[in-house]
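Quick notes on the structure that follows.
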């Protein structure tokens, strides 16, 4: 809502010195979000006067038609001589009254006016367009042609009210009444403690049977319908300048007098109005729900197929308006058109004015269904004062009579479904308890009365809320009125005393640790959007029946290519990897932790549960069952150098083993020792892919995969060579986590070290050899480490030698050489038996 | 006592003459002083203090002296040998010190050499900032609650008093999830538009008193630009207990901004509207960048607060009793307060992030400097 300060002053006697910013601060404090204060005509300086065009000479030979004019500006130029002005506009003729800016003046935007040579003439000033004066462009880019009644030499700055301030207020959905001057004026009056001149306090004749016939067949959807008729409008009548200016400042474009008047009254009182050309309405006006499939062409020229829920205004032919949203084209007020023979203007002379009150929800649904957000719908959705309808109709009638020479017909139609006043009961100290402040009953009552409530009672207040405040329905609503008017800024600052908390949960700690561990290992965290599409899964070579294809799909995605939510973190990370690579960073190690989304396929639509009680556990369970699985994952991608080359020596590229190790790093933070096995799994290289497993209740479960990406994937996605990745499920790791760690017992007896080299087939996994060695070595084994792998001719083709360092130690004694050797021999024997290993001599 | 030795050599032993001893001593001391390094000193030691050195040989001759001369000669030789050994020791220490000093010089390196062998990793500042905010409240006794990002509309809207078709429901541009039924039914499931559904989940789950915060990721259908992102982050706070007031809300907010932005930070509440709080407020804090000094000061404009002096942090208010009822909490007995703040915006002005896109493009040059904690 744009509120010109000059207009606001009509209803509240603000101190003359009060600036727009002052009013802004006051209104913000009582809860109106005044986003900006626009200073119209800032820096504007005259002379800017009314002139009359005396002569026009068309200048030839230029790229565009140019006029050399003489203009009578009275004594404004000091001489009284005609002013010579060059003008590029063409929408005026000799005799027209125009707005002339003279040398020495400054227009908005620090545009200094001086006499200057142009098109071979000297132009002593300018004939102005609305744009140049900061009035907003009417779309024609032409100069302003004033009504003939203004005298030459009149100061146009005042005449056109060019200097003003406009408050732009973002009205919240609960304050529909502030979508009117009346509502903003009421808040202003309260904020300043000044009286309000309520523009809705008008004398309205009582309804009678002579009015235009109206039949409301849906009183729930339309609780009030006022119809008034004005006849004999003069087609020549134009919207007066003051009204045009107010409409412009409020952000509306002047159209024609009848339309301008209805818009003006809507801005003033908040009541949307509609004017029908009476000659094109056929029979009584009706209000009903549409029959499905019915059609209506609205004023914006769009043909709309109506829904059974849409409320329509009808005449004998059918719908003539989408109630409360937009009128129909078939009863539009006709703009005056000149008769080509007589030159006389023809246009609408008789109008029926509608001031109705429609159900907020019905209007909201219709506006949304037809994607049609009109000024009227915006107001009805947020709640319009039903009691203001007849005043608004009266105000419209009065203005049409005054400005268009119309005649108000005596008939006054009012169809009203009576509604009782709304009352709220609350303890007088309720606002005090909500705020934590002792306001006292007197203050509470006074503040509630200020917002328009009637208040009765002592300790228990019975409050009747005003008709323009449909948002006030609960005791806390009234508490807010008291607290905001007493000033949020005056609230004290106290701290509650929560019971002792338990800190972070084990799971939350684990998620933090995982992030720290990966960052500590050199990975940089990225937060990637979860939006994705099936194309990337195709590129990753993921099979049609893979569970990663079970995506959650959005109804309204930002991009049609990415309608799904991610089922894996890897594509997002690869995107970030590629972006970094493209920006010249080539050694990359990235990670992300976050949920992926897996549709189970069994999700039932979530039910609309009631809100007047807690849902039952079954109902909550049914809501949860409507959701996809959302397991939390961690993933890494890496490419380029893992270690840099430098003065210390060579660098080292990131390889599959780093990816697997990243998995171990994550698992370790969850307290889980991973089991790693060879695997084949898209999008990984079939020979360089590890399955990451963990024990849950003694059973191995898959928790993730790691390895080098498939060369085809790397090529398709244009990734750096040998890009590697790892993804692991943190929720599954959490399941696999053991309890608190048991501290190892530290033996202080000497260690006995034994190295063994075992020759096995190339295909035997090192993990199997290691497991056999551990099992065979028994409890004397303190640690075991693979320190070398060797392949070569002397071993024979298809063989590899694995060299292990075994450290033995007993808890209670120094081991003898024989004991250590025996343990080693047992370890080797197990490896020989289980993996076909041969001890290398 | 032995009998006096009567069979001594009447000729005095040449080597034990005082001038001879003095000469040997001088020779030894000169040699010691002349030893240039530890190797040379070792040779000097053998030559002048070894078993075959002149003084050692002289010592052996003492026995040949008449008894009255023995003591004097012995003393003379002993003193000389003592002085040699002392000189050797001093020289030894000197030379060792010289050698040590030389080795340290030789071993010197250029400690300014870089050693960025494994480039540092980092956590995302949004992650660490959310943790930091949460920790402020954990320290006060709050717990951290979590909820799903794909959420039932009932939790995201209905339970929070967003009436169907109410304009407030449209204020939040929502991503809707497709149902999987063939009849094209609406799924009733959305990407959560705020962290507030966690309020409802917490209240449904726990008995008051409830003091929780919920940091998390939320979604709205905004295209990514310098100041908007379809995916962003909020932190939600909910306190429900007996007798909580708006003053408690104000105090809690004051504490938070001081803990996060410094002890001199101030907050301001402005009336506003949210369906799930009543009374509702918008909370501002003094501009972190200009501290309000840009207001009315065209020479020092502030881009962060547009020279307004205040920065909008988010919405807050007293939990609407309708929300308590929908979650099974008795509004006659309990009251509560709640707020939800945009983490991304807070991070932007706390750390001068000029473009929202930097936070979501994953460029390591942006994230790396933030390290492990902020």
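The values are calculated or read from the model by the stated rules, or taken from the named source; none is laboratory data. Nothing here was measured: the structure is a model prediction, and the numbers come from that model. FYI the Cβ positions are ideal-geometry reconstructions off the backbone, even for glycines, and counts take in every protein chain you see.
Got a sec? Which of B:129, B:157, B:137 is surrounded by 22 or more Cβ atoms within 10 Å (Cβ to Cβ), closer than 27 Å to residue A:513 by Cα and either free of Cβ contacts under 8 Å to residues at least 60 places away in the same chain or facing chain A (nearest Cβ under 10 Å) (or both)?
Matching residue, one of B:129, B:157, B:137: B:137.
Where residues in segment B:237-281 are closer than 14 Å to residue A:497 by Cα and in a loop (DSSP other than H, G, I, E, B), which of them is farthest from the other protein chains (Cβ to nearest Cβ)?
Among those residues, the one meeting the criterion is B:242.
Restricting the search to segment A:772-798, which residues are touching a helix residue (DSSP H, G or I) at 6+ places or on another chain (Cβ under 7 Å), part of a helix (DSSP H, G or I) and surrounded by 14 or more Cβ atoms within 10 Å (Cβ to Cβ)?
A:772, A:773, A:775, A:776, A:777, A:780
Mind listing whichever residues of segment A:367-376 are part of a helix (DSSP H, G or I) and either at the interface with chain B (Cβ under 10 Å from one of its Cβ atoms) or out of contact with any helix residue (DSSP H, G or I) (no Cβ under 8 Å at 6 or more places or on another chain) (or both)?
Result: A:367, A:368, A:369.
Tell me which residues, restricted to segment A:403-448, are more than 14 Å from chain B (Cβ to nearest Cβ), touching a residue at least 40 places away in the same chain (Cβ under 8 Å) and assigned to a loop (DSSP other than H, G, I, E, B).
Result: A:405, A:406, A:417, A:419, A:421, A:422.
Among (1) within 30 Å of the chain's Cα centre (by Cα); (2) within 21 Å of residue A:270 (Cβ to Cβ); (3) buried (at least 20 other Cβ atoms within 10 Å of the Cβ), where does residue A:479 come up short?
Condition (2) is where residue A:479 drops out.
Need at least 3 residues that are surrounded by 15 or more Cβ atoms within 10 Å (Cβ to Cβ) per element, so show me which strands (runs of 3 or more DSSP E) inside segment A:139-245 make the cut, counting only ones lying wholly within it.
So the answer is A:164-170, A:222-231.
Restricting to segment A:377-396, name every residue that is within 14 Å of chain B (Cβ to nearest Cβ) and in contact with a strand residue (DSSP E or B) (Cβ under 8 Å, 6 or more places away or on another chain).
Within segment A:377-396, A:377, A:380, A:384 qualify.
Being facing chain B (nearest Cβ under 9 Å) and farther than 20 Å from residue A:577 by Cβ is the filter here; which residues of segment A:510-519 pass it?
Once the filter is applied, which keeps residues that are facing chain B (nearest Cβ under 9 Å) and farther than 20 Å from residue A:577 by Cβ, segment A:510-519 yields A:512, A:516.
Does residue A:524 satisfy the condition of being over 29 Å from the mean Cα position of the chain (by Cα) and at pLDDT 95 or above?
The answer is yes for residue A:524.
Filter segment B:326-366 for residues that are in a helix (DSSP H, G or I), buried (at least 18 other Cβ atoms within 10 Å of the Cβ) and facing another protein chain (nearest Cβ under 9 Å) and give the result.
The answer is B:326, B:359, B:364.
Checking the conditions here, which among A:300, A:307 is farther than 21 Å from residue A:394 by Cα, part of a loop (DSSP other than H, G, I, E, B) and in contact with a helix residue (DSSP H, G or I) (Cβ under 8 Å, 6 or more places away or on another chain)?
None of the other options fit; the residue is A:307.
Hey, any hits in segment A:575-589 for a residue that's facing chain B (nearest Cβ under 8 Å), under 18 Å from residue B:150 (Cβ atoms), surrounded by 24 or more Cβ atoms within 10 Å (Cβ to Cβ) and in contact (Cβ under 8 Å) with a residue 60 or more places away in the chain?
Scanning segment A:575-589, I find no residue that is facing chain B (nearest Cβ under 8 Å), under 18 Å from residue B:150 (Cβ atoms), surrounded by 24 or more Cβ atoms within 10 Å (Cβ to Cβ) and in contact (Cβ under 8 Å) with a residue 60 or more places away in the chain, so the answer is no.
Checking residue A:600 against (1) in contact (Cβ under 8 Å) with a residue 40 or more places away in the chain; (2) outside any loop (DSSP other than H, G, I, E, B); (3) touching a helix residue (DSSP H, G or I) at 6+ places or on another chain (Cβ under 9 Å): exactly one of these is not met. Which one?
All conditions are met except number (2).
Considering only segment A:653-748, give the strands (runs of 3 or more DSSP E) lying wholly within it that have at least 2 residues that are in contact with a helix residue (DSSP H, G or I) (Cβ under 9 Å, 6 or more places away or on another chain) and closer than 22 Å to residue A:539 by Cβ.
The strands (runs of 3 or more DSSP E) meeting that bar are A:684-696, A:699-709, A:724-729.
Go through segment A:674-701 and give me each residue that's under 24 Å from residue A:513 (Cβ atoms) and in contact (Cβ under 8 Å) with a residue 12 or more places away in the chain.
A:674, A:675, A:676, A:690, A:691, A:692, A:693, A:694, A:695, A:696, A:700, A:701 - these are the residues of segment A:674-701 that are under 24 Å from residue A:513 (Cβ atoms) and in contact (Cβ under 8 Å) with a residue 12 or more places away in the chain.
Yes or no: residue A:642 facing chain B (nearest Cβ under 8 Å), within 16 Å of residue A:725 (Cα to Cα) and either surrounded by fewer than 23 Cβ atoms within 10 Å (Cβ to Cβ) or in contact (Cβ under 8 Å) with a residue 12 or more places away in the chain (or both)?
Yes: the conditions hold for residue A:642.
Out of segment A:553-597, which residues are touching a helix residue (DSSP H, G or I) at 6+ places or on another chain (Cβ under 7 Å), part of a loop (DSSP other than H, G, I, E, B) and under 20 Å from residue A:632 (Cβ atoms)?
If the condition is that a residue be touching a helix residue (DSSP H, G or I) at 6+ places or on another chain (Cβ under 7 Å), part of a loop (DSSP other than H, G, I, E, B) and under 20 Å from residue A:632 (Cβ atoms), then A:566, A:567, A:568 are the ones that fit.
Can you confirm whether residue A:350 is surrounded by fewer than 19 Cβ atoms within 10 Å (Cβ to Cβ) and more than 10 Å from chain B (Cβ to nearest Cβ)?
Spelling it out, residue A:350 is indeed surrounded by fewer than 19 Cβ atoms within 10 Å (Cβ to Cβ) and more than 10 Å from chain B (Cβ to nearest Cβ).
Please enumerate the residues belonging to segment A:470-504 that are more than 7 Å from chain B (Cβ to nearest Cβ), touching a residue at least 60 places away in the same chain (Cβ under 8 Å) and over 18 Å from residue B:320 (Cα atoms).
A:485, A:487
What number of residues in segment A:34-43 are within 14 Å of chain B (Cβ to nearest Cβ) and crowded, with 19+ Cβ neighbours inside 10 Å?
So the count comes out to 1.
Please indicate, with yes or no, whether at least one residue in segment A:599-618 is more than 30 Å from the chain's Cα centre (by Cα) and under 30 Å from residue B:114 (Cα atoms).
no
Are any residues in segment B:212-223 within 8 Å of chain A (Cβ to nearest Cβ) and either over 30 Å from residue A:530 (Cα atoms) or part of a loop (DSSP other than H, G, I, E, B) (or both), and if so, which ones?
B:221, B:223
Please tell me if residue B:111 is surrounded by fewer than 19 Cβ atoms within 10 Å (Cβ to Cβ), more than 7 Å from every other protein chain (Cβ to nearest Cβ), part of a loop (DSSP other than H, G, I, E, B) and touching a residue at least 60 places away in the same chain (Cβ under 8 Å).
no
From the list A:507, A:566, A:549, exactly one residue is surrounded by fewer than 20 Cβ atoms within 10 Å (Cβ to Cβ) and either facing chain B (nearest Cβ under 9 Å) or within 26 Å of the chain's Cα centre (by Cα) (or both). Which is it?
None of the other options fit; the residue is A:507.
Just a yes or no: is a residue in segment A:596-617 more than 7 Å from every other protein chain (Cβ to nearest Cβ), surrounded by 23 or more Cβ atoms within 10 Å (Cβ to Cβ) and farther than 22 Å from residue B:200 by Cα?
Yes.
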